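Chemist: Quick one: the structure is below, and I'll ask about it shortly.
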Amino acid sequence: MSAQQNAATKPLLGCIADDFTGATDLANMLVREGMRTVQTIGVPDSAPQEVDAIVVALKSRTVPAAEAVADSLAALRWLQQQGCRQFFFKYCSTFDSTPQGNIGPVTDALLQALGSDFTIACPVFPETGRTLYRGHLFIQDQLLNESGMQNHPLTPMTDPNLVRVLQQQTPSKVGLIGYPAVSQGVDAIRAGMDALRQQGVRMAIVDALENQDLYAIGAACADLPLVTGGSGVALGLPANFVRAGLLNPQQGAKASELPAIDGLSVVLAGSASKATNAQVDAWKEKRPAFRIDPLALAGGEPVVAQALAFAQQHLDKDKQPVLIYATTTPEQVKQVQAKLGVERAGLLIEQALADIAAALLARGVRRFVIAGGETSGAVVKALGVHALRIGAQIDPGVPATASIGATPLALALKSGNFGSIDFFEKALLHLGENQLGENQLGENRLGETRL
């Protein structure tokens, strides 16, 4: 049996993502580079068949560090049992974390479990404006701490120097492979890794400005048991398996194929990011939308029932998709958190959107566009989805997906900060929605309900 034939029976790359939309973001990159990829929701009971990469989606970004470590190690053990040859720990391209973790503690634990002494940390994603220079993370033309991420309700990022940020989270020594080395290509990057290893460095922040840098970094990481970063650096990993004769490049053309799925459509948004706020506003200009108020939820008002009645009215009348959202400004989020507490406010919204999704599934909705990592995790759980086949890219970092299971569903799981301003409509079209004719502006303004 050839190496390629043997590789077809076992996955090559095992990935652990710290949230659901981050997992689809990573899977999107791997599919683009020709790897047949399945995303599981948590550690599954059974193994997917005929795949080149598996991405285990956890909900570990903002849980206590010890819990994140335990969940990540459980995912690693399962991926090792499937026969994966290399492992990838994926976190957000804005390095979402706190001084307590969870990026550092999880990386330390994975390195120890794999018996490895070194890895990289590279959250760069040029297609969405995330670049690293001299260890400083930029979002478009702004430093991380000036980009709006300093106002994140759970993981406010107030320092753009990722060497400092990561060093706060780990007893391991953190170093930097700067752009002068990265720009010289694979050999210079490997030399930088070797030099840092000799200095006792276990984790290296790696600069990158363009996709060509990420391909070079990926090639330089071919022999590392563990790679960590955002989804961008995964661009360079599939080619390593091709060069090793383990991955058949001819399979790549079919890696993004998904089945057609019929049914009604809905958009659910729980993220408070700038991008999602703009996408919600764009939708509301011409299509029906219902806003969920967490204070009304906390007060015991029947908000879920009202949202369902609103959705059903529009779905029954004209089959047009609706938006149900809790998205609001960072200032309003802080006001709600001050009254309800940070954890309770988030859980109320997640549970409400999850309950709405489950009820809409029972009423014939089969296509879901979901904005926000925490929201996506809650919703896919409520929908009973345990694994996703990853399809073609909708926008950078966001692919179309199809559930694997008894009730086929088409889903787009979007990180809060990703997507163009018209993402919701674009995503629905990718998922097969054909009822997106232009509505009158006035009709849709009247169609919006706020509680």
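The values are calculated or read from the model by the stated rules, or taken from the named source; none is laboratory data. Note that the structure is predicted; figures quoted are calculated from it, not measured. Every residue, glycine among them, receives a Cβ derived from its backbone with ideal geometry; neighbour counts consider all protein chains shown. Just the protein is used for accessible areas: all its heavy atoms, side chains included, with ligands, DNA and RNA removed. Shrake-Rupley method; radii C 1.70, N 1.55, O 1.52, S 1.80 Å.
Yes or no, residue by residue, for (1) under 24 Å from V124 (Cβ atoms); (2) among the β-branched types (V, I, T); (3) under 22 Å from the mean Cα position of the chain (by Cα); (4) assigned to a strand (DSSP E or B):
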| residue | (1), (2), (3), (4) |
| --- | --- |
| E331 | no, no, no, no |
| E350 | no, no, yes, no |
| R366 | no, no, yes, yes |
| L413 | yes, no, yes, yes |
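Chemist: I've got another one for you. Out of all the residues in the range 167-191, which are open to solvent by less than 20 Å² (accessible area, probe 1.4 Å) and either in a loop (DSSP other than H, G, I, E, B) or within 13 Å of T119 (Cα to Cα) (or both)?
Modeler: Selection gives Q169, T170, S172, V174, G175, I177, G178, G185, I189.
Chemist: Would you confirm whether or not the range 131-140 contains a residue that is charged (D, E, K, R), assigned to a strand (DSSP E or B) and either closer than 17 Å to V165 by Cβ or in contact (Cβ under 8 Å) with a residue 60 or more places away in the chain (or both)?
Modeler: No, the conditions are met nowhere in the range 131-140.
Chemist: Residue by residue through the range 311-329, note down the ones that are part of a helix (DSSP H, G or I) and over 19 Å from V379 (Cα atoms).
Modeler: Q313, H314, L315, D316, K317, D318
Chemist: Here's another thing I want to ask about it. Looking at the range 85-116 only, could you name the residues that are open to solvent by 20 Å² or more (accessible area, probe 1.4 Å) and out of contact with any Leu (no Cβ under 7 Å at 6 or more places or on another chain)?
Modeler: If the condition is that a residue be open to solvent by 20 Å² or more (accessible area, probe 1.4 Å) and out of contact with any Leu (no Cβ under 7 Å at 6 or more places or on another chain), then T98, P99, Q100, P105, D108, Q112, G115 are the ones that fit.
Chemist: Go through the range 376-415 residue by residue and tally those that are open to solvent by 10 Å² or more (accessible area, probe 1.4 Å), of a type in the set (S, T, N, Q) and closer than 13 Å to G22 by Cα.
Modeler: So the count comes out to 1.
Chemist: Condition check: modelled with pLDDT under 95, outside any strand (DSSP E or B) and either among the hydroxyl-bearing types (S, T, Y) or surrounded by 24 or more Cβ atoms within 10 Å (Cβ to Cβ) (or both). Does M1 satisfy that?
Modeler: Details: modelled with pLDDT under 95: yes; outside any strand (DSSP E or B): yes; either among the hydroxyl-bearing types (S, T, Y) or surrounded by 24 or more Cβ atoms within 10 Å (Cβ to Cβ) (or both): no.
The answer is no for M1.
Chemist: A further question on this structure: Look through the range 403-451, keep the residues that are aliphatic (A, V, I, L, M) and more than 17 Å from L268 (Cα to Cα), and return whichever of them is modelled with the highest pLDDT.
Modeler: This residue is I404.
Chemist: Among the residues of the range 382-408, what is the count of those that are without any contact (Cβ under 8 Å) to a residue 60 or more places away in the chain and in a strand (DSSP E or B)?
Modeler: Total satisfying the criteria: 3.
Chemist: Among the residues of the range 222-245, are any buried (at least 18 other Cβ atoms within 10 Å of the Cβ), of a type outside the set (S, T, Y), more than 24 Å from L413 (Cβ to Cβ) and in contact with a Lys or Arg (Cβ under 9 Å, 6 or more places away or on another chain)?
Modeler: Yes: the range 222-245 contains one or more residues that are buried (at least 18 other Cβ atoms within 10 Å of the Cβ), of a type outside the set (S, T, Y), more than 24 Å from L413 (Cβ to Cβ) and in contact with a Lys or Arg (Cβ under 9 Å, 6 or more places away or on another chain).
Chemist: Any residue at all in the range 372-384 that is within 18 Å of L431 (Cβ to Cβ) and among the acidic types (D, E)?
Modeler: No, the range 372-384 contains no residue that is within 18 Å of L431 (Cβ to Cβ) and among the acidic types (D, E).
Conditions tested, residue by residue: (1) open to solvent by 10 Å² or more (accessible area, probe 1.4 Å); (2) in contact (Cβ under 8 Å) with a residue 40 or more places away in the chain; (3) over 19 Å from R363 (Cα atoms).
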residue	(1), (2), (3)
E285	yes, yes, yes
I292	no, yes, yes
G299	yes, no, yes
F310	yes, yes, no
K317	yes, no, no
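Chemist: Same structure again: How about the range 29-60: which of its residues are of a type outside the set (A, V, I, L, M), touching a helix residue (DSSP H, G or I) at 6+ places or on another chain (Cβ under 7 Å) and either under 27 Å from H152 (Cβ atoms) or open to solvent by 30 Å² or more (accessible area, probe 1.4 Å) (or both)?
Modeler: Within the range 29-60, E33, R36, Q39, K59, S60 meet the criteria.
Chemist: Additional query: Kindly provide the set of residues from the range 144-158 that are open to solvent by less than 40 Å² (accessible area, probe 1.4 Å) and over 16 Å from Y91 (Cβ atoms), ordered by number.
Modeler: S147, G148
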